[in-house]
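**Student:** Here it is, the structure in full.
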Amino acid sequence: MTTLGKKEQWETYCAQQLAVVTPLLINEGFVLETEQPHLEGERYVLSGPKLVLYGSRNSDNMRVVIKITDNAHEAKELEHERTMQEILRTIDFAYHTFHAPREVLFGRHEAHTFYITEYISQEKMFLEHTLEEQFFLALKALEAQEGSHATTHKHLATIRKTFEVYEAPRYIQNLARYRDEVTTLLPHTKDVHQVLTQALHMLEKNTTLLNVYSSFLTHWDFVPHNIRIHGRDIYLLDHSAIRFGNKYEGWARFMNFIMLYHPKLERALNTYVGENRSPSEYATLTLMRLYRLSELVWFYATKRAQTEGDLRVLTDARINLWTKAIEAQLTGTTLDTTVIAAYKKTRDDLRDEDEKKRQQTLH
Amino acid sequence: MRIVIATPLFPPELGSPAEYVSSLAHILKSEHTVTIVTYANHFEPIEGVLIVPVSKSHTLPVRLLLYTRALIQYTRHADVLYVQRAAASGLPAILASWFTRVPVVVNYLEDEAWERLQHASFEPEHQGTFRKHRNIPGAVWSIWNVQHFVLRHAKRVLVPSTFIAQELVNNYGLHTENVHTLFTPPKKQLNLPFPTKPVPYRIFMNTRLVPWSDVATAMRASVLLAHTYPDVELVVAGDGPERYELEQSEHMREVRTHTTFLGRVSKAEELYYLRSAEVYLSTSTYAENPNILLEAFRECIPVVATNVPGLREGFEHEKSGLLIPPANAETCAQAIERIFSDTHLKQELVTGAQETLHTTFSWEAHTMRLLEIFQNRI
């Protein structure tokens, strides 16, 4: 499928869905906003058959986030996310609970399933805060996750049916699969294959370490656009991304992401773990960063076939960037700032206007 | 000595016993044989220390049985069995000691039944009232009884203040000669990845927002201070059932003008604010021990704290801090003003606090006294 075809298909899907869900939501007492940033930009490559919409409740004008789908798989995901949120609220082995947007309405209407939650307003986007504020906000949210460690028979019984549980073998199996699939998808990029193989060997050599820090609650997509800051409280969004896995999985995702947007914050978090936690914890952070970076390379390799034109060039630039980031982690260095700057220039040159607009609302 | 430490928690688990046992083992291992028995599926190894994990994946009765068996096995030739917390590790320790005759020393950090209640957000009262009246709900009845059984059967019970020692003697019927005060050393010092700038006239508190923290008195004191120091700011880190009342209620509106509530923050953020402050303040009307003051001592921030049993053991008035009467905003403000206006006094208090930290609360002092207790010299 070409980019154009895929994009057109997404736009048609959105238009058809909006025509159906708008009256459905009006009937439920909600009205949609005119601007819907989560339908635009690169969403067509990233999203499944599900709409994420902004709207408000008629009775009190409360702003809400509406997730709605007529796809059976996506509907199950929504139900699952809701169950996860309910269990997290009642989990009794967490040291710290964290905030989540309140559910406003969950329901079904004919083929559609919808999950409506309150919109958490924030005065500033995450990246508009000072370095210190960003550091402490991130640390607070990461420590809140670490506070839930499922270890006993009772804990595991509570979470097993709802959450995925990752230990060392699963991370290693996944990484081996990423490496093999990338090799098939990108047969002419031997350096990528080589780097992913080295990352895999690092994980295989350190199975014990991966297990020591397993069974912690972790948000595997912990990035600024999945948190909202209201007053001094942090709200975690997208609970479907929560699982019980390595303690440093959320850290790794966040640090890999923030490396592009605020390298000083990435270095501050890295220093903090290095200086205040045990050497084995720091080593585990590196292992998880390797894993999550490899996953990024795999992710863009799998999406590459759906792209063409500027987006194809941008996808290649992303694969190249994250491969270099893996190399830096393997050698214990930081990714060269000139590499980051060059990538950002390429990205900004190639991104379409809709995507630029969408990005502005995210971080 | 051959020391076996029984602990319910060990890294990577979080919590005070885990951190304490790990630090202690690192110190003791050079001159003693140290074995740690813990509930764990995985653990952080310590070179030179034998760590015996008892899997947490079993049901509770099986876990207790396996833990007891491990303790019997590893304490056969030990000189002492040092137990962290009375319930989860204490019961197997007492049972094991009946077989091996090894003396059991229990490190009583806080009342576990009360802690469970607090964790479940009941928190009806502070530990002192809980111990005295023993209004023990069914949910924690068994924990309280196990704890009581263990404390009565241990050879020695170590507590982090003379106040708690007295409490256990008065309320739980322990013999005075079996209960010893062993001050807790401060937690590992954190390094922040950026410097902190001092903020003039900033007062810092970190406390659970419960009635006996009496944050309202601190807020009133900050308003009084604002007459002379308009930039005064009281920064409060912590969460709790009183938060709404203090932070948002209408009748507290006027005294809130110079207060910032941080809510629950990380230890790193607490340290950041502490380092930026001119004074560390505790207005608690009840405290179990002086541990909350140690971070301020280490960071050279002068301390003003209420004259209540648990806290006043931590320092000497006018030498390493200033004592104030509880629930008195005026004397609280006066004490803080003395520090704001007198750099010489400030320096004296900081020097005195550093000395107290070294002589009373250091790891050296802690370990020396602990070994004396182990060797039955106390």
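**Student:** Extending each Cα 7 Å along its Cβ direction at B:D79 and A:Q16, get the distance between those two points in nm, one decimal.
**Tutor:** 8.0 nm
**Student:** If you take the square roots of the eigenvalues of the alpha-carbon gyration tensor of region A:99-179 and sort them as a ≥ b ≥ c, do you get rounded (a/c under 1.5), prolate (a/b over b/c) or oblate?
**Tutor:** Oblate is the answer for region A:99-179, as a/c is 1.5 or above yet b/c matches or exceeds a/b.
**Student:** A follow-up question, please. Based on DSSP, what percent of beta bridges with both residues in region A:130-350 are antiparallel, to the nearest 5?
**Tutor:** Of all bridge pairs located within region A:130-350, approximately 90 percent are antiparallel.
**Student:** Return the ratio Rg/(2.2 N^0.38 Å) for region A:3-118, where Rg is computed over Cα atoms only.
**Tutor:** Taking the Cα Rg and dividing by 2.2 N^0.38 Å, one obtains 1.15.
**Student:** For helix B:215-225, report the angle its Cα long axis makes with the longest principal axis of the Cα atoms of chain B; keep it between 0 and 90° and round to the nearest 10°.
**Tutor:** Roughly 30 degrees, rounded to the nearest 10.
**Student:** Next question, about the same structure. Give me the distance in nm between label points sitting 7 Å out from Cα along the Cα-to-Cβ direction at B:W363 and B:T181, one decimal.
**Tutor:** Output for this residue pair reads 2.4 nm.
**Student:** Turning to a different aspect of this structure: Given contacts defined as C-alpha pairs under 8 Å and at least six residues apart, what's the relative contact order of region A:253-363, whole-number percent?
**Tutor:** 23 percent
**Student:** Neighbour counts of other C-beta atoms within 10 Å: give me B:V255, B:V4 arranged from fewest to most.
**Tutor:** B:V255, B:V4
**Student:** In peptide B:38-45, what is the residue-averaged number of other protein chain Cβ atoms found within 10 Å of each Cβ?
**Tutor:** 4
**Student:** I'd like the mean, over residues of A:238-246, of how many other protein chain beta carbons sit within 10 Å of each residue's own Cβ.
**Tutor:** What the average comes to for A:238-246 is 0.
**Student:** OK, next. Can you give me the Rg/Rh ratio for region B:1-92, using Cα atoms for both radii and the Kirkwood formula for Rh?
**Tutor:** My calculation of the ratio gives 0.93.
**Student:** Would you mind ranking B:S57, B:S30 by Cβ crowding within 10 Å, fewest neighbours first?
**Tutor:** Final ranking by Cβ density, sparse to dense: B:S30, B:S57.
**Student:** Between A:Q9 and A:A305, what FRET efficiency follows from the Cβ-Cβ distance if R0 is 22 Å, with the result rounded to 0.05?
**Tutor:** According to the calculation, E is roughly 0.90.
**Student:** Still on this structure, I have one more. On a full-extension model of 0.36 nm per residue, what is the gain between B:F149 and B:M1, subtracting their alpha-carbon distance, rounded to one decimal in nm?
**Tutor:** Using 0.36 nm per residue and subtracting the Cα-Cα distance, I get 50.6 nm.
**Student:** Another one. Would you mind checking the tilt of helix B:138-153 against the longest principal axis of the Cα atoms of chain B, expressed as 0 to 90 degrees and rounded to 10?
**Tutor:** 70 degrees
**Student:** Using R₀ = 35 Å, calculate the FRET efficiency as 1/(1 + (r/R₀)^6) where r is the Cβ-Cβ separation of A:T34 and A:R89; round to 0.05.
**Tutor:** Working from the Cβ atoms, E equals 0.55.
**Student:** Quick one: compute the contact order of chain B, relative version, from alpha carbon pairs under 8 angstrom and 6+ residues apart, as a percent.
**Tutor:** About 12 percent, as a whole number.
**Student:** Turning to a different aspect of this structure: Using only the Cα atoms of chain A, what do you get for the radius of gyration and for Dmax, in Å?
**Tutor:** For chain A, the Cα-based Rg and Dmax read 20.6, 59 Å.
**Student:** Using only the Cα atoms of the protein assembly as shown, build the gyration tensor, take square roots of its eigenvalues as a ≥ b ≥ c, and label the shape rounded, prolate or oblate: rounded if a/c is under 1.5, else prolate if a/b is larger than b/c, else oblate.
**Tutor:** Prolate, since a/c reaches 1.5 and a/b exceeds b/c.
**Student:** Could you pull out which residues in region A:248-274 have an amide N less than 15 Å from a spot 7 Å beyond the Cα of A:T334, following the Cα-Cβ vector?
**Tutor:** Of the residues in region A:248-274, A:255-274 have backbone N under 15 Å from the label point off A:T334.
**Student:** Which peptide among A:303-310, A:216-223, A:194-201 comes first, and what is the full order, when sorted by highest mean count of other Cβ atoms within 10 Å?
**Tutor:** Per-residue mean Cβ counts within 10 Å order the peptides as A:216-223, A:194-201, A:303-310.
**Student:** Separate question: To the nearest 0.05, how large is the calculated FRET efficiency for A:A111 and A:V165 if R₀ is 25 Å and r is the Cβ-Cβ distance?
**Tutor:** It comes to 0.15.
**Student:** Zone of A:S278 (label point 7 Å along Cα→Cβ, backbone N under 20 Å): which residues in region A:137-158?
**Tutor:** A:143-152
**Student:** So how many Å³ per residue does the convex hull of the Cα atoms of region B:202-358 work out to?
**Tutor:** Considering the Cα atoms of region B:202-358, their hull volume per residue is 94 Å³.
**Student:** With only alpha-carbon pairs counted, each pair once and no self-pairs, how large is the Kirkwood hydrodynamic radius of region B:231-301 in angstroms?
**Tutor:** Computed over region B:231-301, the radius equals 13.5 Å.
**Student:** While we're looking at this one, here's another question. With the cut-off at 1.5 for a/c, could you classify region A:142-276 from its C-alpha gyration tensor as rounded, prolate or oblate?
**Tutor:** Oblate shape, in that a/c is at least 1.5 and b/c is the bigger or equal ratio.
**Student:** Quick check: the angle from helix B:343-360's long axis to the longest principal axis of chain B, C-alpha only, nearest 10 degrees?
**Tutor:** 0 degrees
**Student:** Could you please report the charge total around B:V265, scoring K, R as +1 and D, E as -1 over all other residues with beta-carbon less than 10 angstrom from its beta-carbon?
**Tutor:** 0
**Student:** Moving on. Pulled fully out, how much extra length does the chain show between A:V313 and A:E123, if you take 0.36 nm times their separation in residues and subtract their Cα-Cα distance?
**Tutor:** 64.8 nm
**Student:** Which entries in the list A:K303/A:K357; A:K140/B:K132; A:K154/B:K267; B:K56/B:K132 go over 25 Å, if you measure between the two C-alpha atoms of each?
**Tutor:** A:K140/B:K132; A:K154/B:K267; B:K56/B:K132, as the Cα separations exceed 25 Å there.
**Student:** Still on this structure, I have one more. To the nearest whole number, what is the average tally of beta carbon atoms from other chains within 10 Å of the beta carbons of peptide B:28-37?
**Tutor:** That works out to 0 on average.
**Student:** What spacing in nm lies between the two simple spin-label points modelled at A:H188 and A:D352, each 7 Å away from Cα in the Cβ direction?
**Tutor:** Placing both labels 7 Å beyond Cα along the Cβ direction yields 2.6 nm.
Laboratory data are not the source of any read-out in this text; all were calculated from the coordinates shown. Source: prediction; values computed, not measured. Note that each Cβ is placed from the backbone with ideal geometry, even for glycine, and that neighbours are counted across all protein chains shown.
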